[in-house]
Every structure is written in C-alpha cells, then in structure tokens.
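The values are calculated or read from the model by the stated rules, or taken from the named source; none is laboratory data. Not measured: the values here are computed from a predicted model. Positions of Cβ are backbone-derived with ideal geometry, glycine not excepted, and every protein chain shown enters the neighbour counts.
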Amino acid sequence: MEALIALVIGVLVSCGVYLLLRARTFPVIIGLTLLSYGVNLFIFVMGRLRTGVPPVVSKGDTSLSTTLNYTDPLPQALVLTAIVIGFAMTAFLLVLALRARAELGNDHVDGTAGLGEKPVIPARPLAEDEV
Amino acid sequence: MELLLIILLPLLGAFLPPLCERFGRNIGMVSAAIGPLLALALLVSYLPALLERQVFFFHLPWLPQLGLDLSLRLDGLGMMFALLILVIGLLVIFYARYYLAEKDSLGRLYTLLQLFMMAMLGIVLADNILLLVVFWELTSLSSFLLIGYWSHKSEARKGARMALAITGAGGLTLLAGALILGQITGSYSLQVITNSADLIQAHPLYPVALILILIGAFTKSAQFPFHFWLPHAMAAPTPVSAYLHSATMVKAGVFLLARLYPALSGSELWFYLVTFTGLATLVFGAYTALFKHDLKGLLAYSTISHLGLITLLLGFNSELATVAALFHIVNHATFKASLFMAAGIIDHETGTRDMRKINGMWQYMPITATVAMVSASAMAGVPLFNGFLSKEMFFTETLQVELMGGFDWIIPLMATLAGIFAVAYSYRFIHDVFFNGQPVDLPKFPPHEPPGLMILPMAILGVLCLLVGILPNLTVAPILDAASYAVLGEGIPDYHIAIWHGLNLPLAMSATALCGGLLLYYQRGGLFAFYERKYRRDEKEVFEKRIQTLVRSAQRVTDAIENGSLQRSAALFITTGLVLAAVEFWPLGQLLGKVALTPIDWVSLLLALVMIIAALVTVIIHHNRLAALLVLGVVGLIVSLVFVRFSAPDLALTQISVEVVTIILLMLALYFLPQITPHDSDKRRVVRDLLLAGGAGLGVALLTLAILTRPYDTGLADFFLANSVSGGGGTNVVNVILVDFRGFDTLGEITVLAIAGLGVYLMLNGLHLPLPGADGDGRRWARDPYPPILTVLSRILLPLALMVSVYIFLRGHNQPGGGFIAGLITSIALILQYVCSGSAWVQQRLPFDYGRVAVLGVLIATLAGVGSWAFGYPFLTTSFTYVTWPLVGKFELATAMIFDTGVFITVVGSTLLMLAQLGNLAQTTYDTPSGTSSGTNGEAH
C-alpha cells in the first residue's frame, strides 16, 4: 500500500509541476491545485497508513488512547488547515490572473506572450548619483 | 547602573533638541548639552577612584546564549577616552550652534551628534567584545548620517557612502576577528580576552584573528591604504569634522589597538603589520597634507598622518611607546579639534576654504589667528606646546627600535622626515591664511572676527594645549598614568614627562624637523610644481568606478538568472531543488527502510488507478480548460476518499466541501478567461518540462516511500491522544488540536484566510473584463437566467443544509466536524442560492458585508483567546464543563466552542466574500453589456 500511495503522490506532483511550468495562468492554477493535493497527501501519510482507527477517542479509559488504537491526529490537523488555506491561495491566484488579464490584455504568465527565454529587462542604466 | 547612564544620557540628549529647537537656537543648544553634561558629571564623580587605578564594572545579561552581554567597564583607558568624547563633544555642541546657518536644522545635527556620542562612549566602555562591535557599527552609521548631513550635495552623499563602505566593511572584519577571539578563549568578555595573551598567540588562528581585527582598526583610523575615505568625509559640517573625524571616531581604531594590546601585541606579526602600516601612513599623510589647498583637506591628511604616528608607536611592542601613543591621542584630539574649529570659522567668515584665496587674515581676525597659531604650533611640535612633549617621546622611541639587518636607522629617518613635513604644513596653515599678502576675491568680504562665543570652544582647547605643554605633570599626567595602567597593567614603565631632557638625539631630531620644515616651506615652489605635475588618480573616482562595476556585474548575474520570465524562473527553481535533493538522496541503495509494506487491496488499487488516470488526463487535455477542470474534480474527490480510507473523516469532510467551492470558483473565473489554452511551448520546452516534472514526482514518491518504510516516533501522537479529553474536553482529537492545543496556529490561519478574502475583494474592485458572449466553441450562453427546478430545490435545501451545518459544528469537538467544515458547508449552501437565484435575490435577503463578517470571525476567535487572560491563564487557554440539558442529555461546553465559532464565521465570511465578489463581477458584466467588449455579445443577455 505504501508504494501505491507513493506512486499516487508522485503522479500528482508530476502533473502539478508540469502544469506549473505552462505559459498561461489557468493551467498554472490547475497545476498548483494538483500540487497541493500531492503535498497534502504527503503530509497526511506522514502519520502512516492506518485503516479504521480515526482519531476520535473514547471517553472512558484514557490509557487506551494511544497510537495502538488510533491513528496520528497531528498530520490531520495540519492538513485540515492546509486544505482551507490552499483554497484561499487558489482564489487569490485566480483573481490575480483575472486582474492581470484585465490590465495586460492577455493571460500569459509573463504578462506578454512570446517572451520566451529572451531577457526583457535590459541592464538598467544607473543614474549618475545612484552608483 | 551609573555606567550605563553615562552611555544613555547622551541618547536622552538626542531626543530633546528636535523638540526644543522651535524655542530658539540657544534653548536647542542647552537641551542638547544637558545629557552630556550630566554624563560628564557622573564620570567626574568616578574620577578620584579611577586615578587610583580602580576599575568599575556593570553587567547585565542581554543575549547570554550568544555570549553577548551588556557588560561595561570603566578603567583608566575608558576614562581618558570618555573625557575626550564628552568634553570635546560639549565644546562642539556649543560651537555648532554658531557655525550652522539658520536654514540648516540644528536639532537634526544635535540628534545625530549625540547618537554618535552614545555609540562612541559605548565603544570605550564596553567590556564585551561583541558589544563593542555593535557600538562600533553604530559609530559607522552615525558617521555616515553626519557626513551626509547636507544631503542635497552630491559630494556629501558620495563621501558618506564611501566612509560607510570602508568603515562598515572594517566593522565586519572586526566582527569576524572578535568571533575568532571568542572561539579561542571561550568567552567574549574583554577581561578574559585580555588575560589570555599566551593562549591566543599560541593558537593557529592567531594570525587570522589579528589581521581581521587590524583591518577593522585600520579602516576606522584611516590608515594607509584605507585612508582615502577620511578626506572625503570632510564634506560634513565642520563641527562634525572636528568631533568625529579628528578627535574621536577615527581614534576608535587606535583605541581598539590599545584595548586589545595586552592580548594581541608582543608578536613579530603585530610588530611588522602595525609598525609599517603606521609608518607608511605617517609619512604619506604628512607629505600629502602640505599640498592640499583646502584648509580641511590639509587638516584631514594631517589627521591621517598623526593617526599613523599613534599606530606606529603602538606597533613597537614597547611599554614606553604605548604611553607615548596614549599621550599623543589626547594631544592630537585637543589641537586638531581646535584647528578644525578655526578652519570652520575662517570658512564661515570668508565663504571659502581655499588657501590660495584666503590670505592676510591677521588684520581681520587677530583673536582667531592667535588661537590658531597656538594649536598649529602644538601640531608642529614646537616646545612649550603639548604636541612637542609627545613628539619628543615618539622620537625617543623610534631610536629604540631594532630592525633586522641593520636597518635600524630607517624608522628615525622617516619619522624626522614626517616631522619636517608636519612643521611645513603647520606653518603653511598659519602663514598662508593669516599673512602672505592680501586676500584674493573672497566670496564674503571683508571678513570679521566671529562672535566671541564662537571662538570660546576653540580657545579653551588652545589654552589646554598650552597648559599641558607647560605643566604636563599638573594636568595630564595622572590621567595618562591611569590609562597606561589600564593597558599595560603591572608592566607600566617608569617614565616622566618633561620639557627638558637635556641635549640628546631626540631634541636634535625635533630641531631638524623645525628648521627643515621652515626651510621646506620657503622652498615650496619647486615642490608644489613637482606635486602638481604628477598625475594622480582621484580616489573618489576610482572608488565610484569600482562600485559601479560591482553593481553592474551583480545586475548581470541577476539578469542571467532572472530575466522576467516566470516559466524560466520556475524551471530554474525546480531544477535547483532536484539537484539539491539528488545530492541528499545519493546513494539510492540506502533509500528504503526496513519496515514491511502493508498489503494492497483491490478497492484501493482501483481508486489509485482512477486518480492517476484522472491526473494524467487533466494534464493531457489541459488545453481544453473546462474539460480539464471537470477531470480535476475527479482527482479532488478521490483525494477525499483516500482520507476516508485511511482514518481521517475530518479531512475527508473538509476536502469534499473545499473541492466543491474550488470548482465553483474556478468555473466562475474561467468565464472571464480564454476557454482554450493555446499551444505556446515548442517540443524542446515540453520535453524539458516533462523531465523536470518527472524528476520532481519521482523524488517526492521516493521520499514518501523512504519515510513510510522507516520506524516512526509516536510520542507526539500519543501525547495528543492521551490528553485530548483531559486537557481539551473533546474526543475528536483533530478538532481539539485545532481549537485548543494548537489554537494559536489556527488563529493565524483564519487571519490569513480573512486577509486572502479581503485581498480578493480589493483586487476585484473596479475591475473591467471583456465579456465573453459564447463558450470556447462559439456557442452562445443560455439566455435563461436561472433554471427553475434548481432554484426551487435549492431553496428547499437551504434550511436542511444549514441544519446539517449546525449539527456538524456542534458535534465537532467530539465527532468529525467542527468550525472549518461547518463553515464550508454553510458557504456551499449559500453559494447554491447565489448560483440558482442570483446575487440580487440573495443580497436582498442577506444584506451582509462579508468582509466585515470575516473580520468579525477573527475578532471573536481572538477575544476567545484574550478571555483567558481575565482568569489569569495564558492566551487561548480553554476550559470546559459538562452540563445536562433535558432531552439532549449530558454534553460538554468548552470555551473552545467560542473560538470555533470564530473559525466558523471567518470561513463563511471569507469564502462568500471571494465567491460572491467574483459572482457579482459576472453579474454586473452580464447585466450591463455596454462594457469594453460588448458588441454583438450584448444580445446574449
């Protein structure tokens, strides 16, 4: 099972990274979403893969409240907030993409299509007093 | 405590002048003088004991883990310097009031001066070498600000920057040296360091530490070849030059040499490095000073030369020479500060500092001339003036030095030569300015004697020069004794200061210097022509050019890495990450741990396959954005199933609700973006990205496997599981961690969420987007605003959904659920209304400003945390109790519930803020197609 989940996480990360490297904003955002699935799963499985032992303890004998009977709650708490924050980040990026499209007239990540590998920022001539 | 006050009182003086300036310049001056005066009074109260060679300490731990303590020491050396700093500082404050023009802010100058005073006192009183470095850098900074005081002048800015670059860099090497000393001795206390000379000098790192510290001292004290910043620092107002760049700050370097003398001196390396640096500086400074036409330029090079003299003396490894060095520090400070004040007065009265123009001033300002003559005589080393005494001692000492190979004569010869030049430039200062015919087109004519009070500080210093020169044993001797004892300890030599030592070689050297100097001055014509003929590089130009080159090459490196293309940056970033990770992973053989794998069941296998296929399909069809989005939803759903499978019900609930809002959000946004992603990347780019993506995925997969096959420390998990009920009052440990154990983190997270919501809101404000009339394939959007069946169903669903949400919220502490999940469910229920009935309909019924709602949520959560203060508990401490309610039964009420309510409200507020705002955008563009790109699209409405 561990190998399977590692494979799943690997595929998610791969797909996410590939889309992250695309030239348009929307695929990049989808890529980030895929990447955060992968990362969330990665953090989650740090608590190991346990079936049927959710971290909801019984009120009675607390001596039974150990990892023998329950899975690790901490990665779950971390991932829970990560999911919500991930949503906020996606929303923010989306709006950034919308704004960029409105301001620049295109949805290229560099703000201008066909930038490629050429340097766009010329070596700034330094003002006399600045140097 | 009082030691600390000596340092802090001038700082008080730094705050007062800007406030008091408006009541007039005199009051401003008085307010500036209060602090130093009090500090001086405090210091004087220690004086009797200090002259008895006592030492006072003050210790306050600051950052003990780093060995940085606020420990101070007041001994003879510190006292001598502190006296110089405070007395000359007070005179300069007095002088500056008359020097500075009405339009310049006196308060700002005073503030900076006193900031410097504080830092300088800190250097001389520090007993911790790290503390000393801190104050050292503070003097560099305040010097920078003071040189740049007239910030509208280019030369002031350039001079300031050069001084900061040189002395600041020196401060860094000093820090490195100090850290090495601390490593060697195991302590940063100067007391320990100065008592560990043998340990330090036997250590293999001693040369490194010595050189680093010497660079620090030499840059500060303007020693050759770091001297060039000092003449350019003369762009500062003259009171600053008098104070920082002749009397005090440039002495910090020689102070440091004196302070560390017990620890570092005595070795061959010390002798050669310090002696020859000092010698070169002495001769070079004296030679150059003669040819400067600028009054302050002459004084600056003369200062360099005198600092070289002091350094040279400290390099001799001889006790008597060290006493002479300390003596000369005091003498030089007195006569040089006085001369700078004279230069300031002349500049003030004539409007220029060019000695080719200023001539014959004797007839206009005889008093200034008299005082200047006294000080200049001291500088030249004329008998009966203080400079003579220390110069005699200096000449004596040069004769004692033994150099290898019978070159003993070099140092006395060079010293005499420097003496000749010193006499020549001192004489030039007097003769050119006060005699030498008539003035040549002065900007201000005729000059007058300045107000008496402006001459007073300079005159006081002049009188001191004479007093010390005539009656050394009644004036300076006890202070010098205490200072020497502080440096040399019991090794203090038997010496006495006297004007007449009999006819001997040093006297002959003095006489040679005096006669030779006068002769040189009267034969100066040829020499000046020689000096002018020689091509000389301007240090400032060279320095500026090098800085330019440095900045340009930095820019080139930046451009090579970052050319503005995000794709390129991201690719480089991932490549770097891959390379670094690969280095750590190597060799791959040790990657897997020993823990056995668990078996795979066919349900999991199937789900995994679906997820993998969905993820890959998302990538493959990503050019068709809507389709990719739908497949992405599949991936998200299976992620929540993974959470279900592996015992994480809370995560599954969160994931599935977030998935819903995310997809709605993406669809909304997609409405405004192109429906199709064009094929931008060429084949090479695609292959490169595939390789990078594959590498990243492989790396993460291997890492996951590596961790999962290794044993696992359950200590933390056990703690949370065991303490959840007793400590947090809830059985759902995940929720208890969120709202109780790690409540502070959650507070931070909901704050971020609210900020993101507000950010979205602000960014969408005033946004105008082209309105698409059709989907990607050219099909027009449907005209029916809202499908009726969906509308009716959604309205029926709303109360049910809200009830589920309340239920999920309430049980959250004990069963899967809680504020986050309940908030998301509520949001979805409300968003459904937006989707089905339109913004206008919803907003009529829910007239909330969601931004305020989000902030209110954060506020409630914070108040829930603050509430525990009222009961004397730390922030966010929770308490709980069990109550029994009829019908419902026994349940538990925890204050964490209030916190969770805050979380709930924040989530609802932020989510709706984002979605409703984006939806409104669609609405407004949809409703009013008269926007930028209406055209035929208008009829779609």
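Here B:Leu753 clears all of (1) more than 7 Å from chain A (Cβ to nearest Cβ); (2) in contact (Cβ under 8 Å) with a residue 40 or more places away in the chain except the condition numbered (1). Tally time: how many residues in the range B:647-681 are outside any helix (DSSP H, G or I) and at the interface with chain A (Cβ under 9 Å from one of its Cβ atoms)? Within the range B:647-681, residues that are outside any helix (DSSP H, G or I) and at the interface with chain A (Cβ under 9 Å from one of its Cβ atoms) number 9. For A:Arg50, the stated conditions do not hold, so it cannot be described as of a type outside the set (Gly, Ala, Ser), more than 15 Å from the chain's Cα centre (by Cα) and over 28 Å from B:Arg742 (Cβ atoms).
This table checks each residue for (1) farther than 28 Å from A:Pro55 by Cα; (2) polar (S, T, N, Q).
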residue: B:Ser805; (1), (2): no, yes
residue: B:Gln815; (1), (2): no, yes
residue: B:Phe820; (1), (2): no, no
residue: B:Leu824; (1), (2): no, no
residue: B:Gly838; (1), (2): yes, no
residue: B:Tyr850; (1), (2): yes, no
residue: B:Leu859; (1), (2): yes, no
residue: B:Leu863; (1), (2): yes, no
residue: B:Thr881; (1), (2): no, yes
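In the condition set (1) among the small types (Gly, Ala, Ser); (2) surrounded by fewer than 16 Cβ atoms within 10 Å (Cβ to Cβ); (3) within 10 Å of chain A (Cβ to nearest Cβ), B:Gly589 is compliant with all but (3).
Do we have any residue at all in the range B:32-47 that's more than 20 Å from B:Leu138 (Cβ to Cβ), touching a residue at least 40 places away in the same chain (Cβ under 8 Å) and touching an Asp or Glu at 6+ places or on another chain (Cβ under 7 Å)? Yes; the residues of the range B:32-47 include at least one that is more than 20 Å from B:Leu138 (Cβ to Cβ), touching a residue at least 40 places away in the same chain (Cβ under 8 Å) and touching an Asp or Glu at 6+ places or on another chain (Cβ under 7 Å).
Would you please name the residue that is modelled with the highest pLDDT, looking only at residues in the range B:434-448 that are hydrophobic (A, V, I, L, M, F, W, C) and surrounded by 12 or more Cβ atoms within 10 Å (Cβ to Cβ)? Among those that are hydrophobic (A, V, I, L, M, F, W, C) and surrounded by 12 or more Cβ atoms within 10 Å (Cβ to Cβ), it is B:Phe434. For the criterion of being among the hydrophobic types (A, V, I, L, M, F, W, C), surrounded by 13 or more Cβ atoms within 10 Å (Cβ to Cβ), touching a residue at least 60 places away in the same chain (Cβ under 8 Å) and over 30 Å from B:Phe385 (Cα atoms), B:Ile499 fails.
Looking only at residues in the range B:292-339 that are touching a strand residue (DSSP E or B) at 6+ places or on another chain (Cβ under 9 Å) and in a helix (DSSP H, G or I), which one is surrounded by the most Cβ atoms within 10 Å (Cβ to Cβ)? Only one residue tops the list, namely B:Ala300.
Among the residues here, B:Leu442 does not qualify as hydrophobic (A, V, I, L, M, F, W, C), at positive phi and in contact (Cβ under 8 Å) with a residue 40 or more places away in the chain. Among the candidates B:Leu442, B:Leu453, B:Leu384, the residue that is out of contact with any strand residue (DSSP E or B) (no Cβ under 7 Å at 6 or more places or on another chain), under 30 Å from B:Asn26 (Cβ atoms) and outside any helix (DSSP H, G or I) is uniquely B:Leu442.
Is it the case that some residue within the range B:611-626 is assigned to a helix (DSSP H, G or I), within 11 Å of chain A (Cβ to nearest Cβ), surrounded by fewer than 18 Cβ atoms within 10 Å (Cβ to Cβ) and of a type outside the set (Val, Ile, Thr)? Yes - at least one qualifying residue is present in the range B:611-626.
Results for (1) closer than 27 Å to B:Phe228 by Cβ; (2) surrounded by fewer than 24 Cβ atoms within 10 Å (Cβ to Cβ); (3) assigned by TED's automatic domain parsing to the domain that holds B:Leu60; (4) not hydroxyl-bearing (Ser, Thr, Tyr), shown as yes or no for each residue.
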position: B:Ser105; (1), (2), (3), (4): no, yes, yes, no
position: B:Thr111; (1), (2), (3), (4): no, yes, yes, no
position: B:Met117; (1), (2), (3), (4): yes, no, yes, yes
position: B:Leu125; (1), (2), (3), (4): no, no, yes, yes
position: B:Val134; (1), (2), (3), (4): yes, yes, yes, yes
position: B:Glu137; (1), (2), (3), (4): yes, yes, yes, yes
position: B:Lys153; (1), (2), (3), (4): yes, yes, yes, yes
position: B:Gly159; (1), (2), (3), (4): yes, yes, yes, yes
position: B:Ala163; (1), (2), (3), (4): yes, no, yes, yes
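Scanning the range B:456-515 for residues that are assigned to a loop (DSSP other than H, G, I, E, B) and within 30 Å of B:Tyr287 (Cβ to Cβ) yields B:Val476, B:Ile497, B:Ile499, B:His501, B:Leu503, B:Asn504. Each residue in the range B:190-238 was checked for being assigned to a loop (DSSP other than H, G, I, E, B) and of a type in the set (Gly, Ala, Ser), and 4 pass. The residues of the range A:98-108 that are within 15 Å of A:Ile29 (Cα to Cα), part of a helix (DSSP H, G or I) and more than 7 Å from every other protein chain (Cβ to nearest Cβ) amount to a single one, A:Ala100. Taken across the range A:60-76, residues that are crowded, with 24+ Cβ neighbours inside 10 Å, at the interface with chain B (Cβ under 7 Å from one of its Cβ atoms) and not in a loop (DSSP other than H, G, I, E, B) do occur, with at least one present.
B:Ile676 meets each of the listed conditions (1) touching a strand residue (DSSP E or B) at 6+ places or on another chain (Cβ under 9 Å); (2) surrounded by 16 or more Cβ atoms within 10 Å (Cβ to Cβ) apart from (2).
Has the range B:597-605 got any residue that is assigned to a helix (DSSP H, G or I), exposed (fewer than 14 other Cβ atoms within 10 Å of the Cβ), at the interface with chain A (Cβ under 9 Å from one of its Cβ atoms) and not basic (Lys, Arg)?
So far as the range B:597-605 goes, yes, one or more of its residues are assigned to a helix (DSSP H, G or I), exposed (fewer than 14 other Cβ atoms within 10 Å of the Cβ), at the interface with chain A (Cβ under 9 Å from one of its Cβ atoms) and not basic (Lys, Arg).
Scan the range B:398-412 for residues that are part of a helix (DSSP H, G or I) and surrounded by 12 or more Cβ atoms within 10 Å (Cβ to Cβ) and the total you get is 4. Once the range B:707-716 is narrowed to residues that are modelled with pLDDT under 90 and outside any loop (DSSP other than H, G, I, E, B), the residue that is surrounded by the most Cβ atoms within 10 Å (Cβ to Cβ) is B:Leu716.
Of all the residues in the range B:684-714, those that are closer than 19 Å to A:Leu35 by Cβ, more than 7 Å from every other protein chain (Cβ to nearest Cβ) and of a type in the set (Gly, Ala, Ser) number 2. Give the residue that is surrounded by the fewest Cβ atoms within 10 Å (Cβ to Cβ), with candidates limited to residues of the range B:550-584 that are farther than 25 Å from A:Thr25 by Cβ and of a type in the set (D, E, K, R). Filtering the range B:550-584 for residues that are farther than 25 Å from A:Thr25 by Cβ and of a type in the set (D, E, K, R), the one surrounded by the fewest Cβ atoms within 10 Å (Cβ to Cβ) comes out as B:Glu584.
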